[in-house]
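The values are calculated or read from the model by the stated rules, or taken from the named source; none is laboratory data. The structure presented is a predicted model; accordingly, all values stated were derived computationally and were not measured. Please note: Cβ atoms are built from the backbone with ideal geometry, for glycine as well, and neighbour counts cover all protein chains shown.
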């Protein structure tokens, strides 16, 4: 009887220590991860997964592999492992963490539409207030990276009416030029769209070319040279007229891009909150 | 019970002593042994290094697989592992280092024939044309059972690399009929390409604006050029006819400018057409040899 008990204890001890062994492996992998040694961390997490027959560390190892790949800039691989971690999550919090990391990877690899879709799904799965702020926060980031500053400001204001990022988004939105307005005024007065977007010399030149084209066209019509008038207006005047409208649009877009880039630079270099 | 009695007799003490022995000595020792056997040494045992390395290899994580398999090699020399390391290195485009792992397996290895085939594949992938040709003629490099496979790859490599016309008498013999037909087509495309003459393209455009572009297959561009130049020439005629000499000369200059551009464009178009023929040939040949797995024999048994 005692021999049986002895053998039983031996089996139990080997199981306990096998798990301790995997625990040590996890600890080692975590140390590598914490010291930003992501390549080796991935190897050790993979080793842990390989020997973890009972899938006890499946969520954590896959989640950390996903994060390591994310920090290394391998977003597709990161998403693959984060999805596996999501499937192996033991608690709703773990699954939530995996899902949010997938959203963040999508923001980093600029697949914003997917990020929006995933955030909608998360919102449906986690309707409680506990998760709302984080969902809104990342939706705000998705809008910002989608160059939609107005909606981004709305999302951040749901978290806090004085949220730092809300203020930033409002500032960007206020500083942006209206592309439609630039085009409309260019239809009415060629070159004015350029001037509106701060390109004064371009605006004056465009206005001058249009004036000249119009003058030659009208002169040709006045002298009954209809074919000349057609050619001059089609090849000359209309080219500059259309050019002034398209140019105004491009100029306003370019200025808006500069304003957005300034905001992105701020987010990248100076913003101290959580980033994707 | 019999075992227990036997144990008591063996130790020569009574039950109480056995209990004490089990409680204070044997069980703690076993726990400690368990702890030792369950330490890092177990996960990093040579066998486990091999198993984990093989798992990474199958996953296609060649860099990490290599690290594990190289560590395993320090404990045990294994030809298959060495081959897998070489395979991983070649997959990672580290051809030279890969070949270094293959060379020791040329002699007295059960897989030496497959190794030699793979060696030549690495030379092909590494674009080592002269080494390939030279070494394929050396006996020690020749695989006994797969010499025909190497000949096929060799001929394909020659066709890809040689710029001068090659002797086609026995060139297609190593290939089966279907492959020979495909390679014959590549041969014709390489040495007898349907090039467009740059001079013809230029002359055609000089005579009829846009005709050179139509000749090189740029029909849309050609028709646009024809219409545009016709309008300009009409304006030249119309202005001179109506004694608007200044405008006539301005449109003439414009016409000459556009026509010169058109001639130059047609010549360039012919040049691009010809270089595209060679680029497309290269792409097609690459696809073909990839599809044929570089004429390699089946190595799935070794790569399990």
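Quickly run through segment B:278-291 and pick out the residues that are under 20 Å from residue B:188 (Cα atoms) and surrounded by fewer than 16 Cβ atoms within 10 Å (Cβ to Cβ). Passing the criteria: B:278, B:279, B:280, B:282, B:283, B:284, B:286, B:287, B:288. Tell me which residues, restricted to segment A:108-117, are touching a residue at least 12 places away in the same chain (Cβ under 8 Å), surrounded by fewer than 22 Cβ atoms within 10 Å (Cβ to Cβ) and assigned to a helix (DSSP H, G or I). Once the filter is applied, which keeps residues that are touching a residue at least 12 places away in the same chain (Cβ under 8 Å), surrounded by fewer than 22 Cβ atoms within 10 Å (Cβ to Cβ) and assigned to a helix (DSSP H, G or I), segment A:108-117 yields A:108, A:112, A:116. The residues of segment A:35-64 that are in a loop (DSSP other than H, G, I, E, B) and either within 11 Å of chain B (Cβ to nearest Cβ) or in contact (Cβ under 8 Å) with a residue 60 or more places away in the chain (or both) amount to a single one, A:52. Cβ-Cβ distances below 7 Å connect no pair with a first residue in segment B:223-239 that is at the interface with chain A (Cβ under 9 Å from one of its Cβ atoms) and in contact (Cβ under 8 Å) with a residue 12 or more places away in the chain, a second residue that is surrounded by fewer than 15 Cβ atoms within 10 Å (Cβ to Cβ) and in a helix (DSSP H, G or I), and a separation of six or more residues or different chains.
Scanning segment B:174-207 for residues that are surrounded by 16 or more Cβ atoms within 10 Å (Cβ to Cβ) and farther than 30 Å from residue B:150 by Cβ gives B:196, B:198, B:200, B:201, B:202, B:203, B:204, B:205.
Across segment A:218-231, not a single residue is classified as within 42 Å of the chain's Cα centre (by Cα), in a helix (DSSP H, G or I) and outside the structural domain of residue A:142 (by TED's automatic domain parsing).
I'd like the full set of residues that are without any contact (Cβ under 8 Å) to a residue 24 or more places away in the chain and under 17 Å from residue B:135 (Cβ atoms), limited to segment B:85-106. Correct list: B:100, B:101, B:102, B:103, B:104.
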